[in-house]
Amino acid sequence: MTTFDFKDLTILSALKLLKEKKISSRELVEESLKQIKKIDPLVKAFLYVEEERALEAASKADELIQKGEEKKLLGIPISIKDNICIKGLATTCASKILQNFISPYDATVIEKLKAEGAVFIGKTNLDEFAMGSSTENSAFFPTHNPWDLERVPGGSSGGSAAAVASRMGLGSLGSDTGGSIRQPAAFCGVVGMKPTYGLVSRFGLVAFASSLDQIGPFGLTVEDTAYLLQIIAGYDPKDSTSAPVDIPDFLKFIKENEKTSYKIGLPKEYFEGEIDAEMTKIILEIIEKLKSRHHIKEISLPHTEYAVATYYIIAPSEAFSNLARYDGVKYGFRVDTKNLIEMYKKSRALGFGKEVKRRIMLGAYSLSAGYYDAYYLKASKVRTLILQDFLEAFKEVDLILAPVTPTPPFKIGEKIFDPLQMYLSDIFTIPVNLAGLPGISVPIGLTSNNLPVAIQVIGPHFKDEHVLSLAYQIEKEVNMKFIPPILKN
Amino acid sequence: MAISLEEVYKIAHLCRLDFNEEEAKVIAEELSRILDYFKKLQTLDTEEINPTFHTLKVKTPFREDEVKEFPYIKDILKNAPKLYERMIVVPKIVKAP
């Protein structure tokens with residue numbers, strides 16, 4: 001046993017220690033589980049912890065390491081958002097309607113992680129069916145921000161972000177439909193990436209809004225995030241929306257381009273209006289530092305202010321359709337009544353939570369006869385304008401830098417009773433999903449209240465390696481460790 | 001824009017959802033506020049704009065039409081509320097012709 005601080009470990013540094021036999025997978029996984037026992041009663045990032053399975057997998061990984069087997073994640077503890085299927089484990093989507101559902105197969109991303117020897121330590125909490133920005137919409141319990149337990153970790157992948165920030169596992173996978181990876185990453189001081197739509201297979205991800213959903217990684221560093229993305233990316237015949245494109249070597253690219261100069265755009269619409277002043281100051285300071293290497297100029301994305309309205313018509317419309325399958329007939333929660341329609345209605349009324357019902361209703365309204373043109377079709381046309389804004393901008397610049405959120409993490413209970421306020425907190429992440437672009441959130445500092453502040457890098461379609469590259473440069477420039485105070489005592 | 005209780009019940013029926021009066025009042029108010037916010041889209045002229053339903057220009061790739069065994073039938077059946085041999089027993093959902 002050597003001396004090292006578990007808090008300082010990353011996926012890549014742990015792999016090195018494993019290879020040098022300075023640590024075993026068993027020790028790594030035990031440490032993650034110890035951390036969960038100590039901290040998760042307060043943070044509540046996990047819906048289920050798979051202690052026995054994880055320890056068993058770790059022992060197997062150690063045997064393989066002894067034999068000299070080389071796999072990309074052999075023995076590394078990872079958590080998974082509970083809307084991604086792992087065969088034999090529950091997948092609840094933090095919903096009562098799926099409370100007893102056991103995944104019959106692995107999602108493609110899980111198959112890929114398993115093939116590389118990853119150890120799954122548990123499934124993380126989320127807003128029910130990934131609908132929300134605070135993880136308060138979980139049917140089971142809210143997750144708390146490890147930086148300040150009275151605050152939200154963000155959402156919907158709040159459990160994954162809080163788990164990685166609390167060093168409960170070394171990485172995680174989440175899903176991002178309107179900011180659900182980037183916003184919680186920003187709130188918890190970790191790196192989180194939404195890849196280009198189509199880069200990662202969504203087979204085995206429970207669908208929310210299919211033209212927007214994308215699986216992506218969380219890591220403690222940009223390198224770890226790039227490394228995880230490498231493993232999960234690629235065309236999958238089981239997901240017809242996954243794209244048959246060549247996947248570059250992300251890690252190699254970001255190392256080779258450590259000093260590359262980029263043309264960077266700052267969309268003025270993302271720096272106007274009600275944005276937290278202290279947060280803006282920290283963001284502008286880092287932008288100032290980047291000017292020594294990069295060409296930075298102001299750009300305009302004129303339809304930004306329409307993005308939230310557009311998204312909250314399109315996403316609920318798709319959700320209305322996707323969630324029609326939860327009818328209590330073949331699986332899932334059912335209330336038995338004599339009348340069939342009553343059975344559907346009661347099962348869904350009791351099985352779904354408030355926000356999910358609100359969105360199903362919004363979707364049905366937007367798609368219904370007499371309103372389709374004014375809502376769904378109109379929003380789909382405005383989506384074209386939002387996409388065109390970005391395509392125009394990328395004729396002039398390589399990448400875009402912007403805030404991830406308008407404010408640092410808000411208090412639990414602060415917005416949950418005002419859905420529109422909650423929706424508006426997604427203003428800077430939503431346009432990226434509407435346009436199908438890659439985006440990453442990188443922590444860059446702390447407020448005077450010791451809350452994480454992040455910056456977002458946005459790139460053109462399938463330029464994920466460029467997004468990672470600038471994120472890597474920013475991380476080097478910031479040169480800070482983000483360790484929540486809860487880990488220090 | 002106010003949405004009436006009657007409309008809430010009508011949409012709820014389309015969604016196969018059920019709200020009591022108190023819940024319906026709350027959701028009517030919430031939906032009204034949200035739909036009101038959506039009005040800002042009406043200020044944009046989109047007459048000449050095509051809708052976007054999918055952001056990528058990538059064509060759906062074709063694959064060979066080969067039969068592949070699905071190995072997880074037993075696992076899927078485990079989630080069924082009731083089984084008769086390999087069949088899922090469900091409430092009667094179709095009317096006799």
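The values are calculated or read from the model by the stated rules, or taken from the named source; none is laboratory data. Treat the numbers as computed from the prediction; the structure is a model and nothing was measured. Neighbour counts run over all protein chains shown; Cβ positions are idealised from the backbone, glycine included.
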Item checked: Residue among A:K297, A:K289, A:K330 that alone is surrounded by fewer than 21 Cβ atoms within 10 Å (Cβ to Cβ), facing another protein chain (nearest Cβ under 8 Å) and of a type in the set (K, R) -> A:K330
Next item on the list: For the range A:15-68, enumerate the residues that are of a type in the set (V, I, T), over 14 Å from A:I121 (Cα atoms) and either assigned to a helix (DSSP H, G or I) or not assigned by TED's automatic domain parsing to the domain that holds A:K123 (or both).
Entry: A:I39, A:V43, A:I65
Notebook entry, point to check: Among strands (runs of 3 or more DSSP E) lying entirely in the range A:212-331, which contain 1 or more residues that are of a type outside the set (S, T, Y) and more than 24 Å from the chain's Cα centre (by Cα)?
Noted result: A:263-267, A:295-299
Next item on the list: Can you tell me which residue within the range A:356-380, out of those that are in contact with a helix residue (DSSP H, G or I) (Cβ under 8 Å, 6 or more places away or on another chain) and either surrounded by fewer than 19 Cβ atoms within 10 Å (Cβ to Cβ) or of a type in the set (F, W, Y) (or both), is farthest from the other protein chains (Cβ to nearest Cβ)?
Entry: A:Y372
Check: In this structure, does A:R383 turn out to be touching a residue at least 12 places away in the same chain (Cβ under 8 Å), out of contact with any helix residue (DSSP H, G or I) (no Cβ under 6 Å at 6 or more places or on another chain), crowded, with 24+ Cβ neighbours inside 10 Å and facing chain B (nearest Cβ under 10 Å)?
Finding: no
Next item on the list: Working only within the range B:55-75, note down all residues that are more than 17 Å from A:K238 (Cα to Cα) and surrounded by 14 or more Cβ atoms within 10 Å (Cβ to Cβ).
Entry: B:T55, B:L56, B:D75
Margin query: From the list A:L487, A:L468, exactly one residue is among the aliphatic types (A, V, I, L, M), surrounded by fewer than 24 Cβ atoms within 10 Å (Cβ to Cβ), within 18 Å of A:G219 (Cα to Cα) and away from chain B (no Cβ under 14 Å). Which is it?
Written below: A:L487
Notebook entry, point to check: Since A:F120 meets every condition but one in (1) outside any strand (DSSP E or B); (2) surrounded by fewer than 24 Cβ atoms within 10 Å (Cβ to Cβ), which condition does it not meet?
Noted result: (1)
Check: What residue, among those in the range B:60-97 that are facing another protein chain (nearest Cβ under 9 Å) and within 28 Å of A:H461 (Cα to Cα), is nearest to the chain's Cα centre (by Cα)?
Finding: B:T60
Check: Hey, any hits in the range A:425-443 for a residue that's surrounded by fewer than 20 Cβ atoms within 10 Å (Cβ to Cβ), assigned by TED's automatic domain parsing to the domain that holds A:D276 and touching a residue at least 40 places away in the same chain (Cβ under 8 Å)?
Finding: no
Check: What do you reckon, is A:D106 in contact (Cβ under 8 Å) with a residue 40 or more places away in the chain, away from chain B (no Cβ under 14 Å) and of a type in the set (D, E)?
Finding: no
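What residue, among those in the range A:252-275 that are of a type in the set (D, E, K, R) and modelled with pLDDT of 95 or more, is surrounded by the most Cβ atoms within 10 Å (Cβ to Cβ)?
Checking each candidate, the answer is A:E269.
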